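*Asks:* Quick one: the structure is below, questions incoming.
The values are calculated or read from the model by the stated rules, or taken from the named source; none is laboratory data. Because the structure is a prediction, the values reported are computed rather than measured. So basically every Cβ, Gly included, is an ideal-geometry build from the backbone, and we count neighbours across all protein chains shown. The area values use the complete protein model at the heavy-atom level, side chains included, leaving out ligands, DNA and RNA. Shrake-Rupley method; radii C 1.70, N 1.55, O 1.52, S 1.80 Å.
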Amino acid sequence: MAENTQPPEALAMTIAEETTKTKKEAVGNTKSEKVNQVKNYASILSIITFVLSVVILASAIWLLYMKDYDCEKLLWLPRLQIGIGIGLIFVSLISNIAVLLRSRFPVPGFFLVMVPLIVMLTMGLALVGANKLESRRLMATPKWFREKVRHNDNWENIKSCIYNTGTCDDLVSRSLNLKAFDFSIKKLSSIEAGCCKPPSICQMEYVNATFWTKVEGAVDESQQQYSDCATWQNDQNILCYNCGSCRHGFVRVMESKWRNLGVLLILMGLLLIIAHISLFVMVMWEHYN
């Protein structure tokens with residue numbers, strides 16, 4: 001029986017075709033594996049983005065229900081707090097919508113979420129007092145707080161509010177049995193340290209938390225740095241409410257709260273921006289491959 005032999009040229013061509021086919025299959029399998037990997041990474045990023053959105057939503061609810069600091073209402077800050085809380089709810093919703101639209105409308109979804117995230121990041125940078133972003137006109141920034149207490153009309157209202165809260169009376173009741181050394185190491189709030197007692201540089205003698213006696217010749221009250229020493233009075237209605245240290249103490253309390261909120265906005269904004277950019281790149285790579 002005759003064997004079915006092929007010419008060498010045809011045999012070589014057949015081998016080449018099979019080799020090419022094998023290479024194409026290998027390339028196709030590799031590309032398919034990469035696409036699957038990208039899909040897995042995109043799914044993980046989607047979950048991370050959803051979790052971050054839930055954190056932002058929880059922060060918004062916390063802001064809406066958080067108790068106002070004493071005397072914040074005089075500066076209309078509770079309204080700003082509510083506004084930021086509502087804004088964070090919208091950011092959370094838009095973030096989740098962008099994730100849902102990533103397959104069908106990747107580009108519109110990306111730009112839809114980036115705008116509020118950039119606004120959120122910018123607001124956070126302003127609240128922490130970042131250079132050139134804080135303004136005297138932008139509420140709750142450090143420069144805005146300093147400008148508010150600098151005006152005597154504003155300060156008269158704030159000073160009355162601090163007095164009516166009974167902060168200094170409360171300090172007296174908590175330190176009735178303390179000696180001078182014990183009181184000196186007691187941790188006081190910025191308002192208690194600035195408004196209820198004279199500054200430490202005045203070198204006055206302690207009697208109780210809100211009553212101090214001046215030491216003759218201890219400081220030169222005519223100098224600017226000791227101006228609060230001359231302003232201090234043992235009258236419970238006056239104390240150091242007119243001191244610069246009291247204004248600074250109030251500003252520090254306000255700055256502390258709003259700086260923490262600014263840090264939260266920066267952190268959440270950056271994480272969500274990175275997550276959405278990464279998700280957008282992966283989706284576009286998947287589309288073109």
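*Asks:* Based on the Cα atoms of region 135-232, what semi-axes does the equivalent ellipsoid have, where each is the square root of 5 times one gyration tensor eigenvalue, given in whole Å with the largest first? Please report the intermediate quantities before stating the final value.
*Replies:* Numbers: eigenvalues 147, 70, 27 Å².
The equivalent ellipsoid of region 135-232 has semi-axes of 27, 19, 12 Å.
*Asks:* Just how large is the dipole of region 59-167 about the Cα centre, in debye to the nearest 20, putting +1 at every Lys and Arg Cβ and -1 at every Asp and Glu Cβ?
*Replies:* Dipole magnitude for region 59-167 comes out near 300 debye.
*Asks:* Percent of accessible area on region 89-164 owned by carbon and sulfur, 1.4 Å probe? If you can, show how the numbers build up before the last one.
*Replies:* Working: 2680 of 4450 Å².
Summing carbon and sulfur atoms, their accessible area is 60 percent of the total for region 89-164.
*Asks:* Okay, moving on. Taking only complete DSSP H runs, can you tell me which helices of the chain stretch 30 Å or more along their own long axis by Cα positions and average at least 1.0 on the Kyte-Doolittle scale? Provide the component values of the computation, followed by the final result.
*Replies:* On the way: long enough: 8-65 (85 Å, 0.41); 77-100 (35 Å, 1.80); 106-127 (32 Å, 2.14); 244-288 (64 Å, 0.94).
For the chain, where a helix must reach 30 Å along its axis and average at least 1.0, the hits are 77-100, 106-127.
*Asks:* A follow-up question, please. Set the bar at 23 Å for Cα to Cα. Now go through LYS73/LYS159; LYS214/LYS257; LYS159/LYS197 and name every pair that lies beyond it.
*Replies:* Details: LYS73/LYS159 13 Å; LYS214/LYS257 35 Å; LYS159/LYS197 15 Å.
Cα-Cα > 23 Å for LYS214/LYS257; rest within.
*Asks:* Which value, in Å², gives the accessible area per residue of region 113-214 when a 1.4 Å probe is used on the protein heavy atoms? Present the calculation step by step, with values, prior to reporting the outcome.
*Replies:* On the way: 5780 Å² over 102 residues.
So region 113-214 comes to 57 Å² accessible per residue, rounded to a whole number.
*Asks:* Roughly what would the spin-label model give for LEU100 and LEU178, points 7 Å off Cα along C-beta, in nm?
*Replies:* With each label point 7 Å from Cα toward Cβ, the separation is 5.5 nm.
*Asks:* Quick one: net charge around ASP68, please, counting Lys, Arg +1 and Asp, Glu -1 for every other residue with C-beta under 14 Å from its C-beta.
*Replies:* For residues surrounding ASP68, the net value is +2.
*Asks:* Also, quick follow-up: Which longest run of the chain has no exposed loop site in it, a site being GluC sites (Glu not before Pro) in a DSSP loop with at most 11 other beta carbons within 10 Å, and the site itself not part of the run? Please report the intermediate quantities before stating the final value.
*Replies:* Numbers: sites that count: GLU3, GLU216.
With a cap of 11 other Cβ atoms within 10 Å, the longest stretch comes to 4-215.
*Asks:* May I ask you to derive the relative contact order of region 64-134, considering only C-alpha pairs under 8 Å and at least 6 residues apart, and to give it as an integer percent?
*Replies:* On the way: 28 pairs, mean separation 13.5, N = 71.
This gives 19 percent for region 64-134.
*Asks:* Build a GNM of the chain with springs between Cα atoms under 10 Å: which of ALA42, ALA126, ALA218 gets the top mean-square fluctuation?
*Replies:* Of ALA42, ALA126, ALA218, the most mobile in the Gaussian network model is ALA218.
*Asks:* Report LEU52's accessible area, 1.4 Å probe, all protein chains in place, as a number in Å² to the nearest 10.
*Replies:* Solvent-accessible area, nearest 10 Å²: 20 Å².
*Asks:* Report, in deg cm²/dmol and to the nearest 500, the calculated mean residue ellipticity at 222 nm for the chain, where each DSSP H run with n ≥ 4 adds -39500 (n - 2.57) and the sum is divided by the residue count.
*Replies:* Details: 10 runs with 195 residues, N = 289.
After summing the helix terms and dividing by residue count, I get -23000 deg cm²/dmol.
*Asks:* Only Cα pairs under 8 Å and at least 6 apart count here; give the relative contact order of region 53-175 as a rounded whole percent.
*Replies:* Values: 90 pairs, mean separation 25.5, N = 123.
Dividing the mean separation by the residue count of region 53-175 yields 21 percent.
*Asks:* If you don't mind, another one. Identify the chymotrypsin sites (Phe, Trp or Tyr not before Pro) of region 71-141 meeting these criteria: DSSP loop state and at most 12 other C-beta atoms within 10 Å of the C-beta.
*Replies:* Working: sites: TRP76, PHE90, PHE110, PHE111; in loops: TRP76.
When the chymotrypsin sites (Phe, Trp or Tyr not before Pro) of region 71-141 are filtered for loop state and at most 12 Cβ neighbours within 10 Å, TRP76 remain.
*Asks:* What is the distance, in nm, between label points placed 7 Å from the Cα along the Cα-to-Cβ direction at ASN154 and at ASN260?
*Replies:* Reported label-point gap for ASN154 and ASN260 is 2.3 nm.
*Asks:* Counting only trypsin sites (Lys or Arg not before Pro) that sit in a DSSP loop (anything but H, G, I, E, B) with at most 10 other Cβ atoms within 10 Å, what is the longest stretch of the chain containing none of them?
*Replies:* Details: sites that count: LYS67, ARG104, LYS132, ARG137, LYS179, LYS187.
Between the exposed loop sites, the longest stretch runs 188-289.
*Asks:* Evaluate E = 1/(1 + (r/R0)^6) for ILE44 and ARG137, where r is the Cβ-Cβ distance and R0 equals 51 Å; express this FRET efficiency to the nearest 0.05.
*Replies:* Efficiency, from the Cβ-Cβ distance: 0.75.
*Asks:* Using only alpha carbon pairs under 8 Å that are at least six residues apart, calculate the relative contact order of the chain and give it in whole percent. Kindly include the intermediate steps, with their values, before the conclusion.
*Replies:* Details: 293 pairs, mean separation 65.1, N = 289.
Once normalised by length, the contact order is 23 percent.
*Asks:* Out of SER222, SER190, SER53, any idea which swings most in a Gaussian network model of the chain, alpha carbons joined below 10 Å?
*Replies:* Checking each option, the largest mean-square fluctuation is seen for SER222.
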